[in-house]
Structures are given as structure tokens and as C-alpha cells.
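The values are calculated or read from the model by the stated rules, or taken from the named source; none is laboratory data. What you are looking at is a predicted structure, and each value in this text was computed from that prediction instead of being measured. Cβ atoms come from the backbone with ideal geometry, glycine included; neighbour counts cover every protein chain shown. Accessible surface areas use protein heavy atoms only, side chains included; no ligands, DNA or RNA. Shrake-Rupley method; radii C 1.70, N 1.55, O 1.52, S 1.80 Å.
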Amino acid sequence: LSADLHECNWHRNYTRGNFPFGDFDPVGMFCIIDKGKLSSPISIHEEFLLNDENYPLRYLELNLRIDNDLNGPLPLEIGHLIDCKAIGLENNLRLTGPLPQTMGNMTSLFSMALILNGPYFGGELPSSLFRLKNLTYITIQFNLGKDWSLPSNAQISDDTQLEQIVLKNNFSGKIPSWIAKLKKLQVMDLTMNNFQGVIPEAIGDLSSVKYLNLLGNNLTGALPSSLGKLPAIEVLNLGNNALQGELPTSIENLRTLQLLDVGSNLLTSTIPSSFAN
């Protein structure tokens, strides 16, 4: 991959129906024309750009969501794709290794989805990924690799846009306290992993989170009282862990809460009677 890349290749694939373009499914790396700079309307087929020397480029996407023979690690040069808005890697069974730190150079990246990839693909997520100001959605689920983890330290941008993190993929290690710096995070779904240790006290700083699901991990220790500080929380699922002690009384402060699940833990208290109101 070259930082001076100008040509983008794509083709039609009629085997998938869930792509936003219906049966028109461009596969590979494809570029989208900046329609705002064109003098006349174009069809959806004409939106795809083969050469950005003649037309304005709005963004490009890396869409590798079908079975293919890609193998080995993702190249460091993927960081050259500074106009790439989305990455989709699915059913690439021969990919290996962790994501490269150079992905932190992909300043236009909006969403990343890694689904159903192979057993040797994975590792600690690059801390540089969480510095990307435009990154809004991260989905990593149903991969076969067992070595996924979150970095212990990450520098979070003050204007981070990250709204949704879905990790369902044999992640292990601790839930890091820096995750509480994601002030726009609305969905954090870490179900059915192997996260261990305590829920960090800082989690109460997630001022925008509405859906917090930690079901099916190996979390231990007491529930942090800071859970009662989540002003927007609607769903709080902490079931099927090894959490101990009593429910913090601060839980009664969650006026927006619609669902609370703390079943299959080692808790010794009952649900507050005020929840019946």
C-alpha cells in the first residue's frame, strides 16, 4: 500500500444482501466520489471512483467481508489509508497477528468491524486506535482467536466520538480504567468474554452510556458505588460473573434504569424495594 495511492478497484458481488447498496456489493478497497463538488446528480453505481485524479474523493472503504485467501498479518502500511472511513474484515480465516499500531494514523476512520476471522488473528488492541477522533463504532465479535485484550493504557482525545464498543470475542485481562474517559460512549457490550478482576471505580464517569453489558465474564470483587452515578443508563447487565458483597445503595439513584441483571453472582443483598416504584 502506498501513501500516494490513486487507483481503487471493486467489483459486483451478488451473494450478499445486507450491504447498504442491496445486491450491489463492492468488495475490496473502493472509493466514493464527493458528490457535493459535482455539478449534476449521479447514480449509485457512478458513486464509485476508479481514479481520484479526475474526480474529487470523499472517502474510501476497505470491505473484505467474504471468504478469500488473505493470509498473514495486516501490513503496517495500512496506516497510509488516511482517507479510509470504514474497515470490514469478515471470514478471513488465515489472517494472523494483532492489529498494527499504525492504524492510529487512519484519521478518517469512522467504523471498524472484525467478525468471524481466523484462530491466529488477534492480540492486544493498539492503543493508538483510541486516539482517533472520528472513530465512532468498534465491533469485534465471533472471531476464533483467543488472545484479544484491551491495552492497559491509552491516551483518549478530549473530543473523541466513540459511541459504541462491542467486544464478544474471548477478550481477557482487566477492564481498564481509561475506558471511562470515553465521554460520548453510549453502548459498551463486553458480553461472554474472559475479563477478570474488579469493575473499575472510574466506570461511573461514563456520562453518556445507556447500555452497559458485562454478562458472562470472570469479574470479581464488590460492585463499585460509582455505578449509581451513571445519569443516562437504561440497561445494566452484570450477570453471570463472580461479583461479591452487596448492591451499592447508590443504585437507587439510577432514575433512567429500565433493566438491571445481577443474577448468577455471589452477591448477598437484595434488589432495593425502591425499584418497584
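Side notes on the structure shown:
- On the basis of the beta-carbon distance and an R0 of 22 Å, Gln164 and Ala202 show a calculated FRET efficiency of 0.70.
- The simple spin-label model puts a point 7 Å past each Cα toward its Cβ; for Leu266 and Glu252 those points are separated by 2.7 nm.
- Excluding ligands, DNA and RNA, the accessible surface per residue across segment 104-253 is 40 Å² with a 1.4 Å probe.
- For segment 198-215, 3J(HN,Hα) per residue [Karplus equation, 6.51 cos²θ - 1.76 cosθ + 1.60, θ = phi - 60°, Hz, x = Gly/Pro]: 8, 6, x, 4, 5, 4, x, 8, 6, 5, 10, 5, 10, 10, 10, 10, 10, 4
- Of the GluC sites (Glu not before Pro) found in segment 173-277, the ones in coil according to DSSP and having at most 16 other Cβ atoms within 10 Å of their Cβ are Glu234, Glu246.
- Within segment 156-177, backbone nitrogen closer than 19 Å to the virtual label 7 Å beyond the Cα of Gln101 toward Cβ: 156-157
- Multiplying the residue separation of Thr191 and Ala222 by 0.36 nm and removing their Cα-Cα distance gives an extension gain of 9.3 nm.
- Cross-link reach is defined here as a Cα-Cα straight distance under 29 Å, omitting same-chain residues fewer than 8 places apart; for Lys229 the lysines meeting it are Lys133, Lys168, Lys174, Lys181, Lys183, Lys184, Lys210.
- Taking all protein chains together and a 1.4 Å probe, the residues Asp69, Asp158, Asp205 rank Asp158, Asp69, Asp205 from largest to smallest accessible area.
- Carbon and sulfur %, accessible surface of segment 92-184 computed with the full protein complex present, 1.4 Å: 49 percent
- Whole-percent carbon and sulfur share, accessible surface of segment 191-277, 1.4 Å: 48 percent
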